[in-house]
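Enquirer: Below you'll find the structure I mean.
The values are calculated or read from the model by the stated rules, or taken from the named source; none is laboratory data. The structure displayed is predicted, hence computed values, not measured ones. We place every Cβ from the backbone using ideal geometry, glycine too, and count neighbours over all the protein chains shown. The accessibility values were calculated without ligands, DNA or RNA, using every heavy atom of the protein model including side chains. Shrake-Rupley method; radii C 1.70, N 1.55, O 1.52, S 1.80 Å.
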Amino acid sequence: MRLSLVYLPVAAFLLYGASVPFAYDGVLNSPHAYLLEHTEIGAGAGATFFTMEDSTGAAQSQIITAGYLNFGILGYGQVGMSYLGDGGIVANMKVMILREGIDVPAFAIGCENMFAPERVDVYHDEPGVPDSTGLMRGLWDEEGNYNYDHAQNWSAYGVASKSMRYLLGIPVTVNLGIGVGRFVGVIGEGGAANIGSAVANGLFGSLVWDPSNKLSIAIEQDGKDFNLGLSYDVNRYVTLNISAAEFEMALFPPEGQNFQDPCQNPKFTIALTSRIGPLFGERRHELEREQQRIARARARLEELEARRRAAEAELQRLRDLLDERR
């Protein structure tokens, strides 16, 4: 979940923020299947920096600020909002369908950009500004919205998440999902032209590696672009995040890359996120989480014990086979 506000000092047009890292709850710019606890609050705010050309061809520095606010309900639901600058306030929701187990992934369904205009987005042109260079032609509609060929509102999705820590003993979480609306790219133009969108149009996923209890590193395909991110827990309540978004535009720029198109420029984001609560029953929730950790550890121990017994049985079988051949 994220809140978004945008200030973009461009001579020809202004940009406003939505589909940038940390504009919505999730990994970087795509959802995961985990939810807030009952009465727990999640919030975040960040700024995205990038450079693009104006209509004269001069480079302009851009800043997009974004943020979100979410609230957990009964441990099975989550509601919230994102503020998207001129895109206004949009509603987001997520529902838990399946809780994560030792060998079972968590699964959730959700929807973002609810109750929003059809082409709601972070990028917005000033209505009526003429296209003097021709490079901007086709990027904006008459109302100044980014000219997507499909709706960006009511972006429904389903996503599965699984930690490999207890299953395979490695500190990596895998997230895989599919969605419509903002999760669908434009193949052949804009976004991750011929790379991200062509490979996974509407599909999104991420890998999150936790090398320590405080640090995590993420690589993500959000359905349109590839993003990298790093998060560090400053304390129990505050996490510092940095991200390189749409980095394929720097590493593998498409032929005819339009530097006046905001979707065709790599971006850098810095953000703070926080989880507070639960506001009620926090001790009970901490006890439940500890009990779940103990249950997972016991299940893992039982699994390892079963593997040890199977290995010993196989070793004994081989010994008996060698004895028979002597």
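Enquirer: Being outside any helix (DSSP H, G or I) and out of contact with any His (no Cβ under 8 Å at 6 or more places or on another chain): is that true of Pro254 here? It would help to see each step written out before you state the result.
Expert: Working: outside any helix (DSSP H, G or I): yes; out of contact with any His (no Cβ under 8 Å at 6 or more places or on another chain): yes.
Yes: the conditions hold for Pro254.
Enquirer: With the requirement that a residue be at pLDDT 95 or above, open to solvent by 30 Å² or more (accessible area, probe 1.4 Å) and touching a Leu at 6+ places or on another chain (Cβ under 9 Å), what does segment 86-129 give you?
Expert: Val95, Pro105, Phe107
Enquirer: Sticking with this one: Taking segment 285-296 on its own, how many of its residues are closer than 10 Å to Ile102 by Cα and either at pLDDT below 80 or surrounded by 13 or more Cβ atoms within 10 Å (Cβ to Cβ) (or both)? Break it down into steps so the answer makes sense when it comes.
Expert: First pass over segment 285-296, keeping only residues closer than 10 Å to Ile102 by Cα: 295-296.
Those left that are additionally either at pLDDT below 80 or surrounded by 13 or more Cβ atoms within 10 Å (Cβ to Cβ) (or both): 296.
The total comes to 1.
Enquirer: Please give the number of the condition Pro211 fails out of (1) touching a Pro at 6+ places or on another chain (Cβ under 6 Å); (2) not in a helix (DSSP H, G or I).
Expert: Exception for Pro211: condition (1).
Enquirer: On to the next question. Please find, among Tyr68, Tyr83, the residue that is within 27 Å of Val174 (Cα to Cα) and crowded, with 19+ Cβ neighbours inside 10 Å. Steps first, answer last, please.
Expert: On the way: Tyr83 fails: within 27 Å of Val174 (Cα to Cα).
Selected residue: Tyr68, the only one of Tyr68, Tyr83 that is within 27 Å of Val174 (Cα to Cα) and crowded, with 19+ Cβ neighbours inside 10 Å.
Enquirer: It is to be established whether one or more residues within segment 306-314 are in contact (Cβ under 8 Å) with a residue 40 or more places away in the chain and either part of a helix (DSSP H, G or I) or among the hydrophobic types (A, V, I, L, M, F, W, C) (or both).
Expert: No: zero hits.
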